[in-house]
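Comments concern the structure below.
The values are calculated or read from the model by the stated rules, or taken from the named source; none is laboratory data. Bear in mind the structure is a predicted one, so any value in this text is a computation, not a measurement. Using ideal geometry, Cβ is built from the backbone for each residue, glycine included, and neighbour counts are taken over all protein chains shown.
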Amino acid sequence: MAITSVHCNVLGANVTCVTDLEGTVTQVVCAQYDPATGLCRVKHDALVGGPLSQLLERVAEGTLASHGTRCDLR
């Protein structure tokens, strides 16, 4: 297992990812990540804000093609 610090574009900070020997992420250590559902709370809150908020959030993240609330690091 390897523990790496990865920059999260959604949060704008570094989070910790635990990977297995093949490089697959097995765990994300982030205050905004809900491990039970695999959802990012920041992305979920942006979807509650309305269409303009959703668009601006996706533009800021550089993920216009992504509409989900799942964590991008998983």
Within region 24-59, residues in contact with a strand residue (DSSP E or B) (Cβ under 8 Å, 6 or more places away or on another chain) and of a type in the set (Gly, Ala, Ser) come out as Gly38
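A quick yes/no check of all residues on (1) touching a Ser or Thr at 6+ places or on another chain (Cβ under 7 Å); (2) modelled with pLDDT of 75 or more:
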| site | (1), (2) |
| --- | --- |
| Cys30 | no, yes |
| Tyr33 | no, yes |
| Thr37 | no, yes |
| Cys40 | yes, yes |
| Lys43 | yes, yes |
| Gly49 | no, no |
| Glu61 | no, no |
| Ser66 | no, no |
| Arg74 | no, no |
Output for region 1-20, where each listed residue is touching a Cys at 6+ places or on another chain (Cβ under 9 Å) and free of Cβ contacts under 8 Å to residues at least 40 places away in the same chain: Ala2, Ile3, Thr4, Ser5, Leu11, Ala13, Asn14, Thr16
Please enumerate the residues belonging to region 21-56 that are assigned to a helix (DSSP H, G or I) and touching a residue at least 24 places away in the same chain (Cβ under 8 Å). Val42, Lys43, His44
Give region 2-16 a look and list any residue that's part of a loop (DSSP other than H, G, I, E, B) and either touching a strand residue (DSSP E or B) at 6+ places or on another chain (Cβ under 7 Å) or at pLDDT 90 or above (or both), or say none. Val10
